[in-house]
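The values are calculated or read from the model by the stated rules, or taken from the named source; none is laboratory data. These numbers were taken from a predicted model, which means no experiment stands behind them. Because the Cβ atoms are built from the backbone with ideal geometry, glycine has one as well, and the counts that use them run over all protein chains shown.
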Amino acid sequence: MNRREFTVSAIGLAGGIVDAHSQQGNSGAGTTGEAATRARTEPFPADPHRPRFHFLPPRNWMNDPNGLIYYRGHYHLFYQHNPGAAVWGDMHWGHAVSDDLLTWRNLPMALAPTPGGYDKDGVFSGCAVVNGSEPTVIYTGTQPEVQAIATSSDPLLERWLKYAGNPVISKPPAGMNAGFRDPYVWREGQEWLMALGSGTKGRGGCVLLYRSQDLRSWEYLHPLIESDDPALGRMWECPNFFPLGRDKHVLLISPIPLRKSLWAVGTYANRHFRAERWGSLDDGGHFYAPQAFLDSADRRVMFGWSWEGRTKEAQVKAGWAGAQSLPRVLTLGEDGGLRQEPHPFCQRLVRFGKSVKDLPFGDELQRAMDTAGMRGNAARLHVVLEPQDMLEAGISFYRSPDGFEETRIVYDAQKALLRIDRSRSSLSDEQERTEHSAPLRLTKGESLRLTVFLDRSIVEVYANDRCCLTTRVYPSRSDSIGVTIWGSGKKTIVREVTWHPIGLRTS
Ligand code: DQQ
């Protein structure tokens, strides 16, 4: 095709567009009249910032994903939940179920603190396994931090019975005095193993390793891994540990006080983990405490908590806070680093799309994008750029016609950085404006490939399969829905811009 030509084409009809906010009792499945049902049940119909296709509970606070499991044909997502307010506190386990990791049906609260009990101050994070045929959750009770279990015997995992012998681990090993929480359990040979997040005051973070035959009686073994590197934080929350690829293991941790989560790829031998490479899971400033599990096709899938980026008062006023990322599939790249991509089910979010192809930066590109109707605040945007002489390029979205409000993703070729600029994302002073960035060095001849999910207040970016940035913005104007692409470099070609609006399923 002539480079100066462009195409505006309808593409990619793949499944329905989903309602991610079914209320308790509403199936959320793709039934006729679902839009009407949603209109009746959506608790905040006029809220322009409430995400549409990222999971969040009907109201109030949510943080870490917990107990992710595929059980009897359904996906279960439990989550840290304050049922009484849109602020952190009074931790319960909320519960939702799905057949596609995107359309969720809310179920009754799974776990609540027992007054006067070992978890009276909160049911903190943990995981789920099936022990023989018995679904079991393993979690942290507070205060002080202890480990506990609960079991379920119903097919939809709606009712949970706390074990009478709780707590199953009542205190940390000597010296581990900077936290003791967030069990992650797996089967190894004839035993159950548990990784627990911890740290040593004045030294650094670590993961403790325990073993058990029955999930009830636990023996402490040794640190699975420990660190004295201050750059890796002083306490490691929410460890995940699993095999990936041919002969590697992956550790995920959320170190205090880093406010982001890290991955390590390495070798697991003699029940010790040696990290060979470290990286950041997401550099957008709003992704934390992820949990990974196996889906029905044995893909390693991860959700993470996207916290808000506005004042506490604004969250309380909104009546909700916290969302889950999209489900991400984890694999190992050719360079041995961790790779993340949207789960293939995410393709079901989009039903039609428009593409513009093979244009340089400038008016013609913009006209083509406008003609194609590339505007909105719930969409998947895919951009491919051939950098050539490009020094800087960017996408502006959530943009008002006068440009006073906009959020920008900027690629700085000289610094090899991908930045998210939120300085003008909202005219409201309730929103954070901090910039976030990820290192991204393109190899010779490599295109810049960005897939961006826009979901009202969420921006979730996947760049060249090797970095992710999730951030939060709260445009104040209803006309802040424009999209522009710009950059320096006369020879630079915008190979593709594809816009897939994501809305409600209507049939
Ligand atoms: N959130 C939970 C803890 C975990 C922390 C409490 C991470 O279990 O360490 O809500 O966000």
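Filter region 27-86 for residues that are among the β-branched types (Val, Ile, Thr) and modelled with pLDDT under 95; which is farthest from Glu308 (Cα to Cα)? Per the criteria, the residue is Thr32. Selection of first residues in region 324-338 that are at negative phi and of second residues that are polar (S, T, N, Q), restricted to Cβ pairs under 8 Å at least 6 apart or on distinct chains, gives the following pairs, ordered by first then second residue: Gln324/Ser306; Ser325/Ser306; Ser325/Thr470; Arg328/Gln340; Val329/Gln340; Leu330/Gln340; Leu338/Thr331. Looking across region 55-71 at every residue that is away from the ligand (no atom under 16 Å from the Cβ) and under 22 Å from Leu454 (Cα atoms), the one that is surrounded by the fewest Cβ atoms within 10 Å (Cβ to Cβ) is identified as Arg59. For Arg105, the criteria (1) more than 12 Å from the ligand (Cβ to nearest atom); (2) among the charged types (D, E, K, R); (3) in a loop (DSSP other than H, G, I, E, B) hold in every case but one, which is (3).
Across region 72-87, the number of residues qualifying as away from the ligand (no atom under 14 Å from the Cβ) and either surrounded by 19 or more Cβ atoms within 10 Å (Cβ to Cβ) or under 21 Å from the mean Cα position of the chain (by Cα) (or both) comes to 5.
Looking at region 419-437, which of its residues are part of a strand (DSSP E or B), in contact (Cβ under 8 Å) with a residue 60 or more places away in the chain and under 20 Å from the mean Cα position of the chain (by Cα)?
Just the residues of region 419-437 that are part of a strand (DSSP E or B), to begin with: 419-421, 431, 436-437.
Then drop every residue that is not in contact (Cβ under 8 Å) with a residue 60 or more places away in the chain, which leaves 420, 431, 436-437.
Passing the criteria: Ile420, His436, Ser437.
If you go through region 108-124 and keep only what is out of contact with any Lys or Arg (no Cβ under 7 Å at 6 or more places or on another chain) and within 16 Å of the ligand (Cβ to nearest atom), you end up with Met109, Ala110, Leu111, Ala112, Tyr118, Asp119, Lys120, Asp121, Gly122, Val123.
Restricting attention to region 183-198, the residues that are surrounded by fewer than 19 Cβ atoms within 10 Å (Cβ to Cβ) and within 11 Å of the ligand (Cβ to nearest atom) total 0.
Can you tell me which residue in region 169-182 is surrounded by the most Cβ atoms within 10 Å (Cβ to Cβ), limited to those that are at pLDDT 90 or above and either more than 22 Å from Ala150 (Cα to Cα) or within 16 Å of the ligand (Cβ to nearest atom) (or both)?
Residues of region 169-182 that are at pLDDT 90 or above, as a first pass: 169-173, 179-182.
With the extra rule that they be either more than 22 Å from Ala150 (Cα to Cα) or within 16 Å of the ligand (Cβ to nearest atom) (or both), the set shrinks to 169, 172-173, 179-182.
Working: Ile169: 25, Pro172: 20, Pro173: 16, Gly179: 22, Phe180: 23, Arg181: 23, Asp182: 30.
Checked region 169-182; the qualifying residue surrounded by the most Cβ atoms within 10 Å (Cβ to Cβ) is Asp182.
Taking strands (runs of 3 or more DSSP E) as the structural unit, those lying wholly within region 223-313 and holding at least 1 residues that are surrounded by 15 or more Cβ atoms within 10 Å (Cβ to Cβ) and touching a helix residue (DSSP H, G or I) at 6+ places or on another chain (Cβ under 9 Å) correspond to 248-256, 262-269, 272-280.
Checked against the criteria, Arg339 counts as within 18 Å of the chain's Cα centre (by Cα) and either assigned to a strand (DSSP E or B) or more than 30 Å from Lys248 (Cβ to Cβ) (or both).
Scanning region 288-336 for residues that are under 14 Å from the mean Cα position of the chain (by Cα) and either aromatic (Phe, Trp, Tyr) or within 16 Å of the ligand (Cβ to nearest atom) (or both) yields a total of 17. Considering only residues of region 137-148 that are surrounded by fewer than 24 Cβ atoms within 10 Å (Cβ to Cβ) and not in a loop (DSSP other than H, G, I, E, B), which is farthest from the ligand (Cβ to nearest atom)? Looking at residues that are surrounded by fewer than 24 Cβ atoms within 10 Å (Cβ to Cβ) and not in a loop (DSSP other than H, G, I, E, B), I get Val146.
Listed by first and then second residue, the pairs linking a residue in region 217-245 that is closer than 17 Å to Ala275 by Cα to a residue that is of a type in the set (D, E, K, R) and more than 16 Å from the ligand (Cβ to nearest atom), with Cβ atoms under 7 Å apart and 6 or more places separating them unless they lie on different chains, are Asp228/Arg203; Phe242/Arg300; Leu244/Arg300. Pairing each residue of region 115-126 that is under 15 Å from Gly197 (Cβ atoms) and modelled with pLDDT of 95 or more with any residue that is within 11 Å of the ligand (Cβ to nearest atom) and of a type in the set (Lys, Arg), provided the two are 6+ apart or on different chains, yields C-beta distances under 7 Å for Phe124/Arg181; Ser125/Arg181. Only residues that are touching a Cys at 6+ places or on another chain (Cβ under 9 Å) and among the aliphatic types (A, V, I, L, M) were counted across region 233-249, and they come to 1. The set of residues in region 395-412 that are within 15 Å of Ser488 (Cα to Cα) and surrounded by 22 or more Cβ atoms within 10 Å (Cβ to Cβ) comprises Ile395, Ile409, Tyr411.
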